[in-house]
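Enquirer: Can you read through this structure? Questions will come right after.
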Amino acid sequence: MKVGPIPLFLVLFTIFSCSDQETQQKLVDTQRKLVATEQKLLEAINTNQSNAELIKMYVETVQNVIHSSNDKYTIRIDQTQEGKLRYASWMQPKTPLEKPDIVLYNGEIEKTGSWGVAKYKFSGDNQSYIVETVPVKRRSKLNHIFLEVLEGKTQKFYGKMKDLNLPN
């Protein structure tokens, strides 16, 4: 049987057509793999940048002044190498091993009365954070700690905190 030019053309077209579909599918699969790899790399870069910022935050700390938490927040007030007070806050369930939700510098301390009551005040973006320490008894190193969050002049949160610097 003799094969004419048209059937041979159809055979060749079919072979190349199948080959093109396979190649196209391989290209789509490769592109999906590349996109997935790129996403993983971007996540790793973001994690590394976040970790670098967190490490920098702890390296610049000279002394922890307050470390406390409640069911809504974990907070730290630290003195930095530059002598500034820094407020860092994490909303639960985040921990201080993660990047803080809020970091504010240049806090002020206001001491009132002879009991040793102190207020640490921080402001930023129309929000104010006031951490008050009240000694359990006069000249005691044990303190009650309270956090107040204001938006403008409106109180958004007020609550007692657990002192995490105390030994169990």
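Enquirer: Got at least one residue in segment 41-62 being among the polar types (S, T, N, Q) and modelled with pLDDT of 75 or more?
Expert: If we filter segment 41-62 for residues that are among the polar types (S, T, N, Q), which is where we start, we get 46-51, 61.
Subset that is modelled with pLDDT of 75 or more: 61.
Checking segment 41-62: at least one residue is among the polar types (S, T, N, Q) and modelled with pLDDT of 75 or more.
Condition check ((1) surrounded by 13 or more Cβ atoms within 10 Å (Cβ to Cβ); (2) under 24 Å from the mean Cα position of the chain (by Cα); (3) not aliphatic (A, V, I, L, M)) across all residues:
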residue	(1), (2), (3)
T133	yes, no, yes
L142	no, no, no
L147	yes, yes, no
L166	no, no, no
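Enquirer: Does D78 fit the bill of being free of Cβ contacts under 8 Å to residues at least 60 places away in the same chain and closer than 30 Å to N51 by Cβ?
Expert: For D78, the condition - free of Cβ contacts under 8 Å to residues at least 60 places away in the same chain and closer than 30 Å to N51 by Cβ - is met.
Enquirer: Let me ask something else about it. Please specify each residue of segment 133-165 satisfying the condition of being out of contact with any strand residue (DSSP E or B) (no Cβ under 9 Å at 6 or more places or on another chain) and either among the small types (G, A, S) or at pLDDT below 90 (or both).
Expert: Of everything in segment 133-165, those that are out of contact with any strand residue (DSSP E or B) (no Cβ under 9 Å at 6 or more places or on another chain) and either among the small types (G, A, S) or at pLDDT below 90 (or both) turn out to be K137, R138, R139, S140.
For every residue, the table says whether it meets (1) of a type in the set (S, T, N, Q); (2) open to solvent by 20 Å² or more (accessible area, probe 1.4 Å); (3) in a strand (DSSP E or B).
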residue	(1), (2), (3)
T74	yes, no, yes
Q79	yes, yes, yes
G83	no, yes, no
Y87	no, no, yes
W90	no, no, yes
P96	no, yes, no
K99	no, yes, no
N106	yes, yes, no
I109	no, yes, yes
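Enquirer: Considering only residues that are over 16 Å from S69 (Cα atoms) and charged (D, E, K, R), which ones fall in segment 111-168?
Expert: Those that are over 16 Å from S69 (Cα atoms) and charged (D, E, K, R): K111, K119, K121, D125, K137, R138, R139, K141, E151, K153, K156.
Enquirer: Can you tell me which residues in segment 120-167 are of a type in the set (S, T, Y) and under 19 Å from Y73 (Cα atoms)?
Expert: Y120, S123, S128, Y129, T133, T154, Y158
The values are calculated or read from the model by the stated rules, or taken from the named source; none is laboratory data. In this text, all values refer to a predicted model and were calculated from it rather than measured experimentally. Positions of Cβ are generated from backbone atoms using ideal geometry, with glycine treated the same way; all protein chains shown enter the neighbour counts. Heavy atoms of the whole protein, side chains included, go into the accessibility calculation; ligands, DNA and RNA do not. Shrake-Rupley method; radii C 1.70, N 1.55, O 1.52, S 1.80 Å.
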